[in-house]
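So the structure is just underneath, and the comments pick up after that.
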Amino acid sequence: MTYREMYDLAVRNLAPKQHSDGFSSGSVSAVLEGANGKYYCGVNLDLYCGLGFCAERSAAAAMVLDGETVIRRVVCVGEDLRLWTPCGSCREFISLLSPENRNTAFLVELQGERTVRLADLLPLPWQG
């Protein structure tokens with residue numbers, strides 16, 4: 001799948017919805033390519049109490065359920081159709097799934113397919 005196809009899939013999965021006074025979802029969509037060659041999709045879940053999670057972690061949960069922990073590429077799109085880079089929590093989360101994920105490429109510009117590696121977004125990983 002090309003980056004354009006990943007982007008288009010992420011856009012198709014956008015489905016902003018207000019479920020209740022304290023819960024909304026679908027305003028951010030992510031597509032991850034696992035090292036196994038499969039693609040995993042996820043959307044954000046926003047709970048007003050702060051217990052929600054990002055689209056990248058939603059997609060990563062599906063990937064881990066499938067037995068994969070290494071991510072090759074990520075495309076993340078907001079409801080404004082602009083590309084997003086991962087928040088600090090997602091950067092750390094992805095880095096902890098596998099040391100190989102420091103090489104994960106995040107699409108930052110569709111035209112020209114410019115990417116940035118997780119290692120460049122998170123130069124000093126957390127030491128536990």
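See the values below:
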| read-out | value |
| --- | --- |
| The chain - convex hull of alpha carbons, volume per residue in Å³ | 104 Å³ |
| Other-chain or far-sequence residues with amide H under 5 Å of Arg114's (modelled H) | Val108, Glu109 |
| Relative contact order (%) - criterion: Cα under 8 Å, at least six apart; region: the chain | 20 percent |
| Ordering of 107-118, 54-65 by burial proxy (mean other Cβ atoms within 10 Å per residue, highest first) | 54-65, 107-118 |
| Separation in nanometres of the label points that stand 7 Å from Cα toward Cβ, at Leu96 and Asn36 | 2.2 nm |
| Approximate spin-label separation Cys49-Glu5, in nm, with each point projected 7 Å along Cα-to-Cβ | 4.1 nm |
| Linear extension gain, Ala119 paired with Thr85, 0.36 nm per residue minus alpha-carbon span | 11.0 nm |
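Values quoted throughout were computed directly from the atomic coordinates according to the rules given, and no laboratory measurement underlies them. The shown structure was predicted, so the numbers you read here are calculated from the model rather than taken from an experiment. Heads up, the Cβs are rebuilt from the backbone with ideal geometry, glycines too, and the neighbour counts pull from every protein chain shown.
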